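Asks: Please see the structure below; I have some questions.
The values are calculated or read from the model by the stated rules, or taken from the named source; none is laboratory data. If you're wondering where the values come from, they're calculated on a predicted model, not measured in any experiment. What goes into the accessible areas is simple: the full protein's heavy atoms, side chains included, and nothing from ligands, DNA or RNA. Shrake-Rupley method; radii C 1.70, N 1.55, O 1.52, S 1.80 Å.
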Amino acid sequence: MFDIDQAIRKNIRELKSYSSARDEFCGDASIWLDANENPYETDMNRYPDPYQTELKKAVAKLKKVEENQIFIGHGSDEIIDLLFRAFCEPQVDKAYLFPPTYGMYAIGAQINQVEIVELPLLQDFDLPEWSQIQSIIRSKGLLFMCSPNNPTGTAYSLNSIQELASQFPGIVAVDEAYIDFSETPSAISLLSKIPNLVVLQTLSKAYGLAGLRVGMAFTHPEIIKVLNKIKPPYNINTLSQQMGLKALENREIVLQQIQEIKHQREWLRNELEILPQVVKVHPSEANFLLVQFEDTSTNFKALLDHGIVVRNRARQVEGCLRITIGTPDQNKTLLQTLKSL
Ligand code: PMP
């Protein structure tokens with residue numbers, strides 16, 4: 001049975017967190033002289049709400065969770081780092097990853113002196129069963145599953161996620177940065193069944209707000225309390241809270257863009273598959289395609305020469321470039337350029 005007290009790092013369990021001025025008083029007042037702010041109005045002279053109350057209300061409504069099940073981070077990258085700091089004893093606990101996957105899990109592990117243990121995906125990049133990895137899992141720690149996965153585009157079924165998460169002795173983070181482009185439902189629906197689950201989402205992808213730095217974690221109130229205890233007091237600035245709220249309240253354009261990007265993804269897949277230099281286009285439920293080329297570096301360099309930047313992932317997946325889906329015009333230009341080579 002999962003025990004959160006056992007999962008938390010000892011020094012974090014014992015930590016008495018910093019209490020900011022806004023922690024100590026957050027009601028109504030007419031004169032604020034408690035936070036050493038400049039009293040002259042600039043619209044930004046006050047510290048932001050440390051717990052992003054209004055933004056969380058909107059997120060809770062949209063995702064059908066309680067406000068105390070939400071943590072907002074400075075991008076999901078901040079939350080990945082906080083998970084290591086909260087739940088991994090350096091040099092003792094392990095980070096379990098399914099490569100090829102998003103690079104920041106390994107970086108977070110290294111920064112926090114946590115040993116990385118690589119788990120094998122199946123041939124088609126799908127998750128294995130627990131019985132296939134059980135013997136590799138030697139001690140507790142943090143398990144990351146990215147779904148849809150970057151860079152493969154594979155979405156994992158909720159059954160597979162549930163099976164692994166319910167057996168794993170530690171915190172399980174399911175990173176759903178690309179979930180809005182996927183037909184697979186979110187693992188948020190598993191929260192009621194899995195006490196050690198943390199689901200990560202972000203406004204950086206489908207919502208078109210990568211510059212804002214707003215990531216979200218959905219998990220149990222006890223885990224949220226731990227993250228709140230160790231986060232910088234004012235981690236989400238006032239503008240990000242305001243713009244994030246606006247974005248969630250006006251989703252029509254975002255929903256249209258998601259449909260267009262998904263449509264373009266399938267159009268581009270069909271077009272790329274018939275190019276002579278393309279070996280394989282991997283199935284994708286994200287806003288990118290992982291494409292295997294005959295001569296990867298020649299195609300990569302030729303695209304660069306035409307001012308088109310894609311991501312060379314050949315070191316992660318043999319011969320592969322990862323191509324983000326652009327606007328219809330951008331995708332056409334990409335295709336014409338590849339055809340001309
Ligand atoms: N998770 C995955 C799988 C990603 O690909 C990325 C960005 N490349 C992130 C998280 C980072 O998201 P954010 O901008 O919210 O920090």
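Asks: Take the solvent-accessible surface of the protein heavy atoms, probe 1.4 Å, and return the percent of it on the chain that carbon and sulfur atoms account for.
Replies: 50 percent
Asks: Oh, and also: In terms of solvent-accessible area of protein heavy atoms at a 1.4 angstrom probe, what is the ranking of E163, E78, E252, highest value first?
Replies: The ordering from most to least exposed comes out as E252, E163, E78.
Asks: Hey, another quick one. I need to check one value: relative contact order of the chain, counting alpha carbon pairs closer than 8 Å and at least 6 residues apart, in percent.
Replies: For the chain, the relative contact order is 18 percent.
Asks: Given the -39500 (n - 2.57) contribution per DSSP H run of 4+ residues, what per-residue ellipticity at 222 nm results for the chain, rounded to the nearest 500 deg cm²/dmol?
Replies: -10500 deg cm²/dmol
Asks: Right, here's the next one. Can you give me the solvent accessible area of H306 with a 1.4 Å probe, rounded to the nearest 10 Å²?
Replies: Accessible area, nearest 10 Å²: 110 Å².
Asks: Here is a follow-up. Distance cut-off 27 Å, Cα to Cα: go down the list K229/K262; K64/K246; K205/K280; K57/K262; K140/K205; K94/K205 and report the pairs above it.
Replies: Among K229/K262; K64/K246; K205/K280; K57/K262; K140/K205; K94/K205, the Cα-Cα distance tops 27 Å for K229/K262; K57/K262; K140/K205; K94/K205.
Asks: If contacts are Cα pairs under 8 angstrom and at least 6 residues apart, what is the relative contact order of segment 182-341 in percent?
Replies: 15 percent
Asks: A further question follows. Antiparallel versus total DSSP beta bridges in the chain: what percent is that, nearest 5?
Replies: Given both bridge residues lie in the chain, the antiparallel proportion sits at roughly 50 percent.
Asks: To the nearest µm²/s, what D does Stokes-Einstein give for segment 88-237 at 25 °C and 0.890 mPa s, using the Kirkwood radius over alpha carbon pairs as Rh?
Replies: For the chosen part, D equals 154 µm²/s.
Asks: Which order do R213, R13, R138, R313 take when ranked by solvent-accessible area (1.4 Å probe, heavy atoms of all protein chains), largest first?
Replies: I get R138, R13, R213, R313, largest accessible area first.
Asks: How big is the Rg/Rh ratio for segment 226-341, C-alpha atoms only, Rh by Kirkwood, two decimals?
Replies: Taking Rg over the Kirkwood Rh, I get 1.12.
Asks: A further question on this structure: Could you give the accessible area per residue of segment 1-146, probe 1.4 Å, as a whole number in Å²?
Replies: I get 57 Å² per residue for this part.
Asks: If you rank W130, W32 by how much accessible surface each has, with a 1.4 Å probe, what is the order from largest down?
Replies: Per-residue accessible area, sorted high to low, gives W32, W130.
Asks: State the volume of the convex hull built on the alpha-carbon positions of the chain, expressed per residue in Å³ and rounded to an integer.
Replies: Measuring per residue, one finds 155 Å³ for the Cα hull of the chain.
Asks: So if I take the centroid of the Cα atoms in segment 279-341 and the same for segment 152-169, what is the distance between those two points in Å?
Replies: When both Cα centres are located, 29 Å separates them.
Asks: Could you give the accessible area per residue of segment 169-285, probe 1.4 Å, as a whole number in Å²?
Replies: Per-residue accessible area for segment 169-285 comes out at 42 Å².
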